[in-house]
1. When the Cα centres of region 1-62 and region 85-111 are compared, how far apart do they sit, in Å?
2. Enter the accessible area per residue of the chain (Å², integer; probe 1.4 Å; all protein chains in place).
3. Which value, in Å² rounded to 10, gives the accessible area of D438 with a 1.4 Å probe and all protein chains present?
4. Once you compute Rg and the Kirkwood Rh from C-alpha atoms, what is the Rg to Rh ratio for region 256-299?
5. Which distance in nm do the two modelled labels at K431 and E264 give, with both placed 7 Å along the Cα-to-Cβ direction?
6. Quick one: ranking T232, T398, T368 by accessible area, 1.4 Å probe, largest first, what do you get?
7. Which ³J(HN,Hα) values in Hz, rounded to whole numbers, follow from the phi angles of region 369-386 under the Karplus curve 6.51 cos²θ - 1.76 cosθ + 1.60, where θ = phi - 60° and Gly and Pro get x?
8. Identify, among H38, A80, G387, the residue whose Cα sits farthest towards the positive end of the charge dipole of the chain, taking +1 on the Cβ of Lys and Arg and -1 on the Cβ of Asp and Glu, with the dipole about the Cα centre.
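The values are calculated or read from the model by the stated rules, or taken from the named source; none is laboratory data. The model shown is predicted, which means the values in this text are computed figures rather than measured ones. Using ideal geometry, Cβ is built from the backbone for each residue, glycine included, and neighbour counts are taken over all protein chains shown. Accessible surface areas use protein heavy atoms only, side chains included; no ligands, DNA or RNA. Shrake-Rupley method; radii C 1.70, N 1.55, O 1.52, S 1.80 Å.
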Amino acid sequence: MDHARSDVISWIWSNPPDEGSGLTLEFWVYLYDLHLDHTPFSYGAYDSYTNYENANEFTVYLTSRFLRVFRGTSRYDCEAQRCLNISSVSEWNHIAATLDTSTGDLKIYIGGDLVDQTVVSGDFRKPIVPKGAVILGNEQDAFAGGFDELQALDGMLDNLRLWNCVRTASEIAKGLHQRLDPADYPDMTQLLHFDEVISESQGQIIQDLSGRGESALWGRMPTLKNEMIYQTARGITPPQAPRLVASLADVYGSAIVVYLHPGEARTILLRAHAEEESDIVVTLETELAATVGGSEGTLTNLDGHAIEAGATLSHSGDEGGPIVRYTAPQSLAGPVAWSANFSYRVTDVTSGEHTVATVVIHDLSQQTVSDMEFYTDEDTPNYLILGTIGMDGLPVQTILTSIPSLGTLHQASFQSDSPAKYTSVDYANLKEPLLKEDLPIRVSNSRGILIYEPPQDTANADFPLTSF
């Protein structure tokens with residue numbers, strides 16, 4: 001999800017927990033842009049019969065200072081020292097929050113570890129009003145609207161689950177690395193894996209896999225007008241669909257998607273987590289095979305020996321699973337992409353239970369980028385966001401290959417006495433302009449942020465387009 005766009009995933013939450021029961025929200029998240037606050041989950045409620053409206057009926061909000069849980073007119077802040085510090089984190093993290101509405105007992109888990117526990121009052125002890133709007137990636141300051149792009153999620157989500165119960169610490173720790181079968185968990189009311197977008201007559205959806213919730217609208221709002229209403233200068237815009245990219249979240253039991261350039265070699269972690277006091281065995285289930293392009297590449301262990309089906313893959317418990325080495329095939333003749341896959345089995349030695357996961361490998365050379373347009377006021381420098389996440393789930397490196405003919409470009413800098421936020425970009429002390437003779441130029445900011453300073457004193461003159 002990209003805050004520079006109007007990316008959104010949404011649905012109507014018809015079955016929140018009943019009065020006096022519990023709630024658990026958990027998801028994996030990767031925060032790419034650390035220059036803003038992030039809203040992975042926002043639920044706003046509206047009841048026309050009782051004239052009740054609350055844009056923050058239940059919301060999880062991440063800043064550089066705290067992880068905040070909104071519950072109606074009440075809120076609780078878990079300080080960054082204990083919870084997630086987004087000023088220094090740019091990796092996958094599992095976040096879980098549990099709330100017992102009968103007692104007000106609120107617990108927050110990061111990576112399966114309990115980091116904060118408190119007893120809260122106020123609206124935390126009231127039932128959640130049903131049939132409101134869940135918005136993933138934007139914070140509601142009005143029902144299904146009132147958005148601010150600097151409070152949007154800029155990053156990736158995976159394996160989101162909602163429960164109408166208070167999950168225990170052991171249950172959260174046991175399940176965070178796995179894809180759970182909802183048939184075994186009747187209290188699971190929403191399950192989104194974000195693996196596949198399904199096209200329907202009304203638009204695209206992500207299917208709820210719990211069988212008890214609502215399918216999520218992909219790039220659509222759950223309103224008749226289907227508009228993203230911002231309270232900022234962005235105004236009213238059409239919603240946009242996020243991009244599906246490979247997830248590197250530490251979850252096994254499904255497909256691991258890898259993207260490589262032709263001829264590139266990379267180690268692949270085959271995720272496999274054992275429960276406490278249990279041993280696992282990992283074996284190759286099916287051998288490497290080409291699915292597109294006719295050439296599959298090679299799969300070996302770290303010593304360079306080929307791996308055959310049935311072979312046991314050695315690993316230490318600290319690694320989170322065996323590590324194998326894959327080498328992609330060389331470029332094929334013509335504009336032909338290649339793809340390959342193999343699968344592995346994880347077996348619990350004690351119980352005999354097992355799960356099979358597939359590794360799917362795609363050609364990264366087929367990745368493309370899109371043109372972007374920026375608008376600026378005359379005589380007013382502004383920041384440009386050029387970076388993105390690649391199809392492989394990793395940040396791309398932003399390289400300038402040309403310089404605009406009008407105005408100047410500068411590497412981004414931020415005020416030293418403030419957090420490095422978009423609101424603290426240092427326009428007063430711009431760095432030296434980037435010069436044509438220095439091309440190609442690597443953009444130093446990890447998000448690909450540059451400062452563009454337009455030509456000065458251009459009032460009452462035609463201001464043509466410029467590009468780079």
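1. Cα centroid to Cα centroid, the span is 14 Å.
2. Counting only protein heavy atoms, the per-residue value for the chain is 47 Å².
3. Accessible surface of D438 is approximately 90 Å².
4. 1.07
5. In this crude label model, K431 to E264 measures out at 2.5 nm.
6. Sorted by accessible area, descending: T368, T232, T398.
7. Result, ordered by residue: 10, 10, 5, 10, 10, 10, 10, 9, 7, 5, 6, 10, x, 8, 8, 10, 10, 9 Hz.
8. H38
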